[in-house]
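Engineer: Mind looking over this structure? Questions follow.
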Amino acid sequence: MVRVNVANIKNCCNDLPECQDHKARMDMLEKSHNSIKKNVGTKTLIEKITRWHHERNLINGSTDKDQFAKLIQEAGELSDSICKDKNVSDDIGDMIVVLINIAERNGLSIGECLETAWNDIRDRKGKMIDGVFVKEGD
Ligand SMILES: [Mg+2]
């Protein structure tokens, strides 16, 4: 397998138009590669978190209602961080962890849930009113 150092190619001949085009392709390739790496990382993390839930008996030993209460607790922590202008990364992550739990108990994957939601919203029309998107017809 031939390994190409994208950084070296990008700086080889900036003045030539064909090289600009080549650079654009290489940038696109690099972005695509980074996106694939991120997706694999996210998929692996979701699998680890799902296993973590099973190992701690949080799937069979808990309920959707219990986990929904936990989700709202985590939402409160997110609200607190937003109000105090703190970093929200842990709070968002905690909420996703709980959502993974509920999805697993219902035989769903986060990917399926996101795809369902995306199909629902992608063509949605509406307008912004005071920072809130109001769906057409609401
Ligand atoms: Mg938390």
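Derivation of every value follows stated rules applied to the coordinates shown; laboratory data play no part. Values in this document were obtained by computation on a predicted structure and should not be read as measured data. Using ideal geometry, Cβ is built from the backbone for each residue, glycine included, and neighbour counts are taken over all protein chains shown.
Engineer: Pick out, in residue order, every one of the GluC sites (Glu not before Pro) in the stretch 49-138 that is DSSP loop and has at most 14 other C-beta atoms within 10 Å; say none if there are none. Walk me through the numbers on the way to the answer.
Structural biologist: Details: sites: GLU55, GLU74, GLU77, GLU104, GLU112, GLU115, GLU136; in loops: GLU136.
Taking the stretch 49-138 and a limit of 14 other Cβ atoms within 10 Å, the loop GluC sites (Glu not before Pro) found are GLU136.
Engineer: Still on this structure, please answer the following. Using a 10 Å cut-off on Cβ atoms, rank the peptides 116-122, 56-62 from the highest mean neighbour count down.
Structural biologist: Working: 116-122: 9.3, 56-62: 12.6.
The packing order, highest mean first, is 56-62, 116-122.
Engineer: Next up: Mind checking which aspartates and glutamates have their Cα closer than 13 Å to the Cα of LYS48? Skip sequence neighbours fewer than 8 apart in that chain.
Structural biologist: Counting by Cα, and skipping residues close in sequence, LYS48 has these aspartates and glutamates nearby: GLU104.
Engineer: Any idea what angle helix 64-83 forms with the longest principal axis of the chain, computed on alpha-carbon atoms, 0 to 90 degrees, nearest 10?
Structural biologist: The angle comes out at about 60 degrees.
Engineer: Apply 1/(1 + (r/R0)^6) to the Cβ-Cβ distance of LYS31 and ASP120, taking R0 = 22 Å, and write down the FRET efficiency to the nearest 0.05. Present the calculation step by step, with values, prior to reporting the outcome.
Structural biologist: Values: r = 27 Å, r/R0 = 1.24.
Efficiency for this residue pair is about 0.20.
Engineer: What are the equivalent ellipsoid semi-axes of the stretch 64-122, built from the alpha-carbon gyration tensor (square roots of five times its eigenvalues), in whole angstrom, biggest first? If you can, show how the numbers build up before the last one.
Structural biologist: On the way: eigenvalues 104, 47, 15 Å².
Working through the eigenvalues yields semi-axes of 23, 15, 9 Å.
Engineer: Using Cα pairs closer than 8 Å and at least 6 residues apart in sequence, work out the relative contact order for the chain, in percent.
Structural biologist: Details: 64 pairs, mean separation 21.5, N = 138.
Over the chain, the number comes to 16 percent.
Engineer: Right, another one. Nearest 0.05, what FRET efficiency do PHE133 and SER79 give at R0 = 30 Å with Cβ-Cβ as r?
Structural biologist: On the way: r = 19 Å, r/R0 = 0.64.
The computed FRET efficiency comes out at 0.95.
Engineer: Pairs of lysine in the stretch 66-138 with Cα under 26 Å and at least 8 positions apart or on different chains: total? Could you put the intermediate results ahead of the total?
Structural biologist: On the way: LYS70/LYS84; LYS70/LYS86; LYS125/LYS135; LYS127/LYS135.
Within the stretch 66-138, the lysine pair count is 4.
Engineer: Build a GNM of the chain with springs between Cα atoms under 10 Å: which of GLY126, GLY41, GLY76 gets the top mean-square fluctuation?
Structural biologist: GLY126
Engineer: What does the helix-only formula give at 222 nm for the chain: each DSSP H stretch with n ≥ 4 adding -39500 (n - 2.57), the total divided by the residues, and the result rounded to the nearest 500 deg cm²/dmol?
Structural biologist: Working: 5 runs with 93 residues, N = 138.
Calculated from helices alone, the mean residue ellipticity at 222 nm is -23000 deg cm²/dmol.
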